[in-house]
Amino acid sequence: MKYYILFGPPGAGKGTQATAIVEKYNLRHISTGELLRKEIAAGSELGLRAKSLIDAGALVPDEVVEGMIESEFNTVKGVAGFLLDGFPRTTAQAEALDKILAKTGETVTSVVSIMIPDEMIKERIRHRATIEGRADDAKEETIDNRIKTYHEKTEPLVEYYRAQGKYREIDGTGTIDQVRTNVFTLMDSLNG
Ligand code: AP5
Ligand code: MG
């Protein structure tokens, strides 16, 4: 099985690109953000606990998302692999992922990182707020906190995966079509 990590700051275009990637490479898209928003919409206990953290632009506890990921790995069949979007987001989550995969003798295949500058993060999220109505897109303060959380907690993973020779970065500032072409070129070269 292939285990790709789709990496990048908030608003970089991970969710946007994921649909085409999973279709082309027969992968299952797992977005921890989307799974958490489903829990909130369903009014589950987990959703209730997660909501205040997400609305503040903070991360939910590592164990919560680690459990979600492992259960998806164990239940989804008939795909060539997984595309992880928004996970891992802390060094602890990256280490937990390595442990989960080691149980079946597997490892992370590659990290595909879509990178955009902070100013563009804000533009993209402000634009999405007018379309999708995500609660964590509504307030400037929440967006600022998500950017801060990304730099503090998630960006160190660049070095974590670079040290393993697994990190590949592409410029996320072009059009959606340009970014998709660059992602496909990169992933084809990884598969080749
Ligand atoms: P999550 O849902 O993962 O949000 P995020 O990381 O903040 O990323 P986004 O979904 O905002 O951005 P995206 O890269 O998918 O961008 P998109 O394609 O939509 O997480 C939400 C929250 O859940 C977190 O803050 C945290 O609280 C919690 N959480 C989730 N995972 C967790 C974890 N592992 N651990 C702990 N907590 C966790 O694009 C954005 C907009 O830009 C769209 O409108 C799109 O149409 C547009 N766009 C995209 N590409 C382009 C382009 N090339 N040109 C112009 N516009 C574009
Ligand atoms: Mg997303």
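This ranking places H29, H151 by how few other beta-carbon atoms lie within 10 Å of each, fewest first, which gives H151, H29. Structural descriptor for segment 96-192: relative contact order 37 percent, calculated from alpha carbon pairs under 8 angstrom and at least 6 residues apart.
Restriction of the trypsin sites (Lys or Arg not before Pro) in segment 1-102 to DSSP coil positions whose beta-carbon has at most 11 other beta-carbons within 10 angstrom yields K77. Computed from phi, the 3J(HN,Hα) profile of segment 11-25 under the Karplus parametrisation 6.51, -1.76, 1.60 (θ = phi - 60°) reads x, 5, x, 4, x, 4, 7, 4, 4, 5, 5, 5, 5, 5, 10 Hz, with x in place of Gly and Pro. Each 10 Å bin from zero holds the following percent of Cα-Cα pairs in segment 1-111: 13, 47, 34, 6. Built from the Cα atoms of the chain, the convex hull projects on average onto 10.5 nm², one quarter of its surface area.
Given a Förster radius of 41 Å and the C-beta distance between E132 and E169 as r, what FRET efficiency does 1/(1 + (r/R0)^6) yield to the nearest 0.05? Taking R0 as 41 Å, the efficiency between E132 and E169 is 0.95. With neighbours defined as other Cβ atoms within 10 Å of a residue's Cβ, the residues V65, V60 order from fewest to most as V60, V65. Look at the Cα gyration tensor of segment 84-191: its axes a ≥ b ≥ c give a/c of at least 1.5 with a/b at or below b/c, and that counts as oblate.
Just so you know, all these numbers are worked out from the coordinates, no wet-lab data involved. Only a predicted model underlies this, so the values are computations on that prediction, with no experimental measurement involved. Cβ sites come from the backbone with ideal geometry, for glycine too, and all protein chains shown count toward neighbours.
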